[in-house]
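To keep things clear, I will list the structure first and then write my remarks on it.
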């Protein structure tokens, strides 16, 4: 009985430490440690692309990577172990399986898996390099600890239907613009507009109004079509920005209202 109580207490305190936005001192220390480790990992990824530094400090980079992976792996296991304190994950097996497939846990898994995969299966150098680059995703682990990133995630989730419709409209416009330009310019520039997929590069840089200038129409009709597509691109690409901006304002206002309804002394919600 005493052993079981000790086990529950350890699990409870571990859960408190791991819990985000917690005012408990140990929890705050843990947050600062993890955030600092993530920043240092990003710095290491950047510095490892400098060959002279890799030659001189390669062993130190490798040791730091192993240390980081050990910390992130332990954190992942502890979160999986203590998640049953949350009501929606209270079932020991089914709850944990459900918890594994939450966005943040999937991200945590992506962060640590590239280190272990080469130990299980042999990989060629190019794929191994691609796996190492996945380490940049560790920066998204900070979404747990920064309210701004949480708000952005909630905005994208709440506005996903509008964003999907907008992206679909942009994709349709890209297909149409690239197809028209292919048929207009193919005869005059067969090596540049050789196919619709190749014309899509022109369509992308024109719709986004970047205009690299490496591919451009030369016929009068092609130039007129390009001008129309550029004007449409300005309005079309402003739509997702407007949707996210409006959603961001709504989410911030909602959180402010929720805070204003809470009791200033105990933090509990008041009756409305």
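In percent, rounded to a whole number, the relative contact order of the chain is 14, using alpha-carbon pairs under 8 Å and six or more apart. For the range 71-224, the equivalent ellipsoid derived from the alpha-carbon gyration tensor has semi-axes of 46, 22, 13 Å in decreasing order.
Axis of helix 2-18 versus longest Cα principal axis of the chain: the two differ by about 40°, to the nearest ten degrees. Counting only alpha carbon atoms, the long axis of helix 103-120 and the longest principal axis of the chain meet at about 90°.
Each helix, a run of at least 4 DSSP H residues, gives -39500 (n - 2.57); summed and divided by the residues of the chain, these come to -25000 deg cm²/dmol at 222 nm. The angle between the Cα long axis of helix 147-158 and the main principal axis of the chain comes to about 60°, on a 0 to 90 degree scale. Based on the convex hull around the alpha carbon atoms, the range 2-145 presents an average projected area of 10.5 nm². Annotation for residue 223 and residue 253: the two label points, set 7 Å from Cα along the Cα-Cβ direction, are 4.7 nm apart. Given in Å, the Rg to one decimal and the Dmax to the nearest whole number for the Cα atoms of the chain are 25.6, 87.
Here the range 192-239 yields Rg over Rh of 0.96, to two decimals, using C-alpha coordinates and the Kirkwood radius. Over the C-alpha atoms of the range 160-261, the Rg to Rh ratio, Rh being the Kirkwood estimate, stands at 1.21. Among 136-143, 53-60, sorting by the average number of other beta carbon atoms lying within 10 angstrom of each residue, highest first, gives 136-143, 53-60.
Laboratory data are not the source of any read-out in this text; all were calculated from the coordinates shown. Everything numeric here is computed off the predicted structure, so don't read it as measured data. Neighbour counts are summed over all protein chains in view; Cβ atoms, including those assigned to glycine, are modelled from backbone coordinates with ideal geometry.
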